[in-house]
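The values are calculated or read from the model by the stated rules, or taken from the named source; none is laboratory data. What you see is a predicted model, and the numbers here were worked out from it, not measured in a lab. Note that each Cβ is placed from the backbone with ideal geometry, even for glycine, and that neighbours are counted across all protein chains shown.
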There are 2 protein chains.
Amino acid sequence: MSQLSCHLQLPPTSYDIVIRCGLLQEEAFLRKQLLALASRFVLIADEKTASLYGKALQKILGEKTLLLSFPGGEVNKTRATKEHLEDRLLEQGWGSDTCILALGGGVVTDLAGFVAATYCRGVPFVTIPTSLMAMIDASLGGKTGVNTSYGKNMIGCVYQPKLVLIDPCLVSSLPLRELRNGIVEIIKHGLIADASLFSYLDTHVDTLLSLDPETLSYVISESCRIKITLVEQGPKRTLLNFGHTVGHALEKLTDYTLPHGEAVAIGILVESHMALQMGLLQQKVFEKMQNLLARYGLPLKLPKRFSYAACTEAMQLDKKSLLGKPRFVLLEEMGSAKSCDGAYCASVEESVLETALTWMNDALCCN
Amino acid sequence: MSQLSCHLQLPPTSYDIVIRCGLLQEEAFLRKQLLALASRFVLIADEKTASLYGKALQKILGEKTLLLSFPGGEVNKTRATKEHLEDRLLEQGWGSDTCILALGGGVVTDLAGFVAATYCRGVPFVTIPTSLMAMIDASLGGKTGVNTSYGKNMIGCVYQPKLVLIDPCLVSSLPLRELRNGIVEIIKHGLIADASLFSYLDTHVDTLLSLDPETLSYVISESCRIKITLVEQGPKRTLLNFGHTVGHALEKLTDYTLPHGEAVAIGILVESHMALQMGLLQQKVFEKMQNLLARYGLPLKLPKRFSYAACTEAMQLDKKSLLGKPRFVLLEEMGSAKSCDGAYCASVEESVLETALTWMNDALCCN
C-alpha cells in the first residue's frame, strides 16, 4: 500500500478597482493599464454596450482587439451563448495569451467571466461594468456563470478579474428602473456590513436618484469596499447573499420577468421578516429598510401570490441549500448578520418560513 | 477618483492519493473515506467502466448515489456531453452538497472533473482512475476539460480533487495497446524528473508488461509522486508537457486516430531531437529513450508524412504558445529539463523545428 498527499498553496493574488467618472475616455491610462496585462484583447459586450462603448474602446486598444457581441438579457446568459463565443475565439486562433474584457452589465460580466475562466483553462480577465448593479456587485468578487432552465447561475466558476474599471457616470445612460435595481444591492451592502452607508443612503435619496456624480461615486466606492472586504474574508462572503434565497426563487417563479433587484428587495424584506419572528431583528429596523426601499421607488410588489410549496421547491437548488433545505442570511441589526459556527446562513423552522411567505403574499400582493 | 485593491489568499488545500491493489473492494474503507466528504454522490463513468465497476461501487455507497454514464472515447469528451450530464443532475435536484466521483480513464476524469468544477460553481470531486494513463496523469493535478474541433482540452478548468483512489490491479482489464500508452507517460516522468525511475523501467520491461502487481504499484506510486511534486511547484508543472506540443499536434492532424500515448512517444523523440540539435542533450541519451520506448512495444510510427506548415498550424493553439509561436520542454539530461527565467518551456529557431520535423518524417514514416 502506498499513500501520497498533494499539498497546494496558491500564491496570493490581488487586483485593483479603479473608480472615476470619465475613465473610459482616458486613452493613455487605459492603454497603459491593459497592455501591462496582455498584448491582445477580446472585448465581449452585449449589442447595446458594444455600440455605446465597444467600438471606441476597440479603437483605443488598437489592431489586436476583437469586439464580440451577443444579444443581451438574462435569457441569453446560457451555455449556448458561451459556446458560440468560444467557437468564434477558437476559429480565429486566439490563444491562452488573450485577455478578455467584459463590457456591460451583470449578464455580460458573468458570461464573459465564465468564458475567460475556462478558455484554455483560464485567460486574463478585466471587467468594465456599465450598469450600477455590475459596478458594485457582478464585476468584482469573481463569481461567474450562466443560467439554465433549472435556475440562475447554476453552472459557473469563481474566477477573479485582473482589473476592474468603473466609470460611475456611465449610469446616466441607464433606464430609471435599472438604476433602482442597482440601488437595492447598495442598500443590501449597508444592511449586512455598514450602518453608516445605510444612513448615507437615507439622507441622499434625491441626489442619488438625480445622479449627482459625487454622490454616485461615493456610494459605488463604499459599496465596492464592502464587497471586497467580505470576499477577502472567505466564508463571510455568504452575507452578500442576503435577500437572495427568496429573491432568486421569485425570479425563477416569474420566469425572470421580475427584475433581479426588485426580486432581491422583496427577498430582503421576507428574509428580514424571518429574523423578526425569531427575535433577532427589531421591528423598527425592519420598518426602516422597508421605508428606504420604498423611497427609492422600488415597487415591492409581487405580480401574483406564490404558494409555500412553489416557493420552497424553487429554493431547493439554491447553492446555500443543505440536503435540499434552503438557508438564509439572518440580519441581527443594521450592519450586522447572525453567524453560527462559522456559517453566515442558516435554515429556519418551517413555521417561520411559512409565516414570512404568508406575510409576503399578504403585504406585497397584488393590485 | 477612488482606487481600491482586492487581496486574496486562498487557504492551503491538500488531498490524499491512496494506491492499493484491491482498493475498490474495500467496502468499509471506501464508505469511511467518501462519507467524510459528502452525504450524496453522483458517479460519472463511461459505459464500459459503469458496467465493470460502477454498479458495485453504487451498491457500496448506498441509496443516495446516482450512476450516470456516457459513451466513452475522446470524441465524446465535449461540451455537449457535459451539458447532458449537467441537465441530468439539475432535473433531479442534485445541489451543491453533491460529491462527484469520476470512475474511468482520462476521458472520464477530465470530463467529470470539469462538470464538478462548474456545477453550482464547484462541488467536491473524487477521481477513481481505471486506466494506467489516468492513474498516473489525468486523475491528479487538477487539469480538467473538454475537446473542441479546434483542439484537445481547449475549454476547461484547473480544479483539484478531494481524494484520488487508485487500484493498480485494475489495469489487468486493459488492452495491451492502452497499457503501453500509459507507460509512455511514466517514461516521460522519469525523463523530466527522475533518472532512477527511468533506470527502473529499463530493468523491469518484462515484469511491468506482465502486470506484476509489485512492479505496477511501484511505478504508479513513483509516477504519482513525481507528478504531485511538480504540480506543487506551480510553474514547474509545465515540465509535464514534455512531448505534448508535438504530441497534441499529431493527435489533431490524425483526427485523434493516433492514440495519445503513441503521439506523445513520438513527441518526446521530436522534442528531444530539438534539444539534441541545440547541443543541450547527448546523442546517447536520445538513443536510450528511443530504445526504451521501442522495448515497451510502442510503434513509433507515423501513419503518413506531415508537412512543416501543417504541423506548425496544428501547434498554434497549444496553450503554451506565445503570440501564436509554439514552445517546447527541452531536455538537458536524463531527469532534468532546461529552465530559463522561471519558464520551463521555450520557443526554438524555425530551422531547429523544421529539422526535427524532417527527422520525424524520415525516421518514423511510413512503410
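Please determine whether any residue of the stretch B:206-223 is at pLDDT 95 or above, in a helix (DSSP H, G or I) and more than 17 Å from B:M135 (Cα to Cα).
yes
Looking at A:P235, is it farther than 25 Å from B:G95 by Cβ and either modelled with pLDDT under 95 or within 23 Å of the chain's Cα centre (by Cα) (or both)? Before you say what the answer is, go through the steps one by one.
Numbers: farther than 25 Å from B:G95 by Cβ: no; either modelled with pLDDT under 95 or within 23 Å of the chain's Cα centre (by Cα) (or both): yes.
Taking the combined requirement at face value, the residue does not satisfy it.
Within the stretch B:86-108, is there a residue that is β-branched (V, I, T) and out of contact with any Leu (no Cβ under 9 Å at 6 or more places or on another chain)? Explain how you work it out, then say what you get.
Taking the stretch B:86-108 and keeping what is β-branched (V, I, T), we get B:98, B:100, B:107-108.
Now narrow it down to the ones that are out of contact with any Leu (no Cβ under 9 Å at 6 or more places or on another chain): B:107-108.
Yes: one or more hits.
Would you mind telling me which numbered condition in (1) touching a Lys or Arg at 6+ places or on another chain (Cβ under 9 Å); (2) buried (at least 16 other Cβ atoms within 10 Å of the Cβ); (3) of a type in the set (A, V, I, L, M, F, W, C) A:C365 fails?
All conditions pass for A:C365, except number (2).
Scan the stretch A:338-352 residue by residue and report those that are in a loop (DSSP other than H, G, I, E, B) and either within 14 Å of chain B (Cβ to nearest Cβ) or crowded, with 16+ Cβ neighbours inside 10 Å (or both).
Correct list: A:K338, A:S339, A:G342, A:Y344, A:C345, A:S347, A:V348.
Collect the residues in the stretch B:121-155 that are under 10 Å from the mean Cα position of the chain (by Cα) and closer than 19 Å to B:L250 by Cα, keeping them in residue-number order.
Across the stretch B:121-155, the qualifying residue is only B:M133.
Counting just the residues of the stretch B:247-264 that are more than 18 Å from B:K188 (Cα to Cα) and either at pLDDT 95 or above or not in a loop (DSSP other than H, G, I, E, B) (or both), which one comes out nearest to the chain's Cα centre (by Cα)?
That would be B:K252.
Quick one: how many residues across the stretch B:187-220 are within 14 Å of chain A (Cβ to nearest Cβ) and surrounded by fewer than 20 Cβ atoms within 10 Å (Cβ to Cβ)?
Of the residues in that region, 5 qualify.
Restricting to the stretch B:99-121, name every residue that is hydrophobic (A, V, I, L, M, F, W, C) and either within 10 Å of B:I44 (Cβ to Cβ) or within 9 Å of chain A (Cβ to nearest Cβ) (or both).
B:I100, B:L101, B:A102, B:L103, B:V108, B:L111, B:A112, B:F114, B:V115, B:A116, B:A117, B:C120
Of the residues that sit in the stretch B:320-337 and are away from every other protein chain (no Cβ under 14 Å) and not in a strand (DSSP E or B), which one is nearest to B:E287 (Cα to Cα)?
This residue is B:M334.
Counting just the residues of the stretch B:126-146 that are hydroxyl-bearing (S, T, Y) and within 13 Å of another protein chain (Cβ to nearest Cβ), which one comes out farthest from A:R121 (Cα to Cα)?
Only one residue fits best here, namely B:T127.
Can you tell me which residue in the stretch B:83-121 is farthest from B:V158 (Cα to Cα), limited to those that are outside any helix (DSSP H, G or I) and touching an Asp or Glu at 6+ places or on another chain (Cβ under 7 Å)?
Among them, the one singled out is B:G104.
For B:N291, all conditions in the list (1) under 21 Å from B:F198 (Cβ atoms); (2) touching a helix residue (DSSP H, G or I) at 6+ places or on another chain (Cβ under 7 Å) hold save one; what is the number of the exception?
It is condition (2) that B:N291 fails.
Hey, B:E47 hits all of (1) touching a strand residue (DSSP E or B) at 6+ places or on another chain (Cβ under 9 Å); (2) within 20 Å of B:V123 (Cα to Cα); (3) among the charged types (D, E, K, R) but one; which does it fall short on?
Failing condition for B:E47: (2).
Return the only residue of A:G182, A:G141 being in contact (Cβ under 8 Å) with a residue 40 or more places away in the chain, farther than 30 Å from B:E91 by Cα and outside any strand (DSSP E or B).
A:G182 is the lone residue from the list that is in contact (Cβ under 8 Å) with a residue 40 or more places away in the chain, farther than 30 Å from B:E91 by Cα and outside any strand (DSSP E or B).
May I ask you to verify whether A:S172 is over 30 Å from B:W94 (Cβ atoms), modelled with pLDDT of 95 or more, outside any strand (DSSP E or B) and more than 13 Å from chain B (Cβ to nearest Cβ)?
no
To keep it simple, each residue is scored yes or no on (1) more than 20 Å from B:A310 (Cβ to Cβ); (2) within 14 Å of another protein chain (Cβ to nearest Cβ); (3) not aliphatic (A, V, I, L, M).
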| site | (1), (2), (3) |
| --- | --- |
| B:T229 | yes, yes, yes |
| B:E232 | yes, yes, yes |
| B:K236 | yes, yes, yes |
| B:N241 | yes, yes, yes |
| B:L258 | no, no, no |
| B:M274 | no, no, no |
| B:G279 | yes, no, yes |
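B:S96 fails exactly one of the following numbered conditions: (1) within 11 Å of chain A (Cβ to nearest Cβ); (2) under 22 Å from A:H84 (Cα atoms); (3) surrounded by fewer than 24 Cβ atoms within 10 Å (Cβ to Cβ). What is the number of that condition?
Every condition holds for B:S96 apart from (2).
Restricting attention to the stretch A:153-160, does a residue exist that is touching a Leu at 6+ places or on another chain (Cβ under 8 Å), within 14 Å of chain B (Cβ to nearest Cβ) and more than 18 Å from A:L57 (Cβ to Cβ)?
For the stretch A:153-160, residues touching a Leu at 6+ places or on another chain (Cβ under 8 Å), within 14 Å of chain B (Cβ to nearest Cβ) and more than 18 Å from A:L57 (Cβ to Cβ): present.
Go through (1) touching a Gly at 6+ places or on another chain (Cβ under 7 Å); (2) outside any helix (DSSP H, G or I); (3) more than 14 Å from chain A (Cβ to nearest Cβ) and name the single condition B:L317 misses.
The number of the failed condition is (3).
Out of all the residues in the stretch B:47-57, which are surrounded by 24 or more Cβ atoms within 10 Å (Cβ to Cβ) and in contact with a Ser or Thr (Cβ under 6 Å, 6 or more places away or on another chain)?
Once the filter is applied, which keeps residues that are surrounded by 24 or more Cβ atoms within 10 Å (Cβ to Cβ) and in contact with a Ser or Thr (Cβ under 6 Å, 6 or more places away or on another chain), the stretch B:47-57 yields only B:T49.
Mind checking which strands (runs of 3 or more DSSP E) fall wholly inside the stretch B:1-80 and carry at least 1 residues that are free of Cβ contacts under 8 Å to residues at least 24 places away in the same chain and within 14 Å of chain A (Cβ to nearest Cβ)?
It comes to B:2-8, B:13-19.
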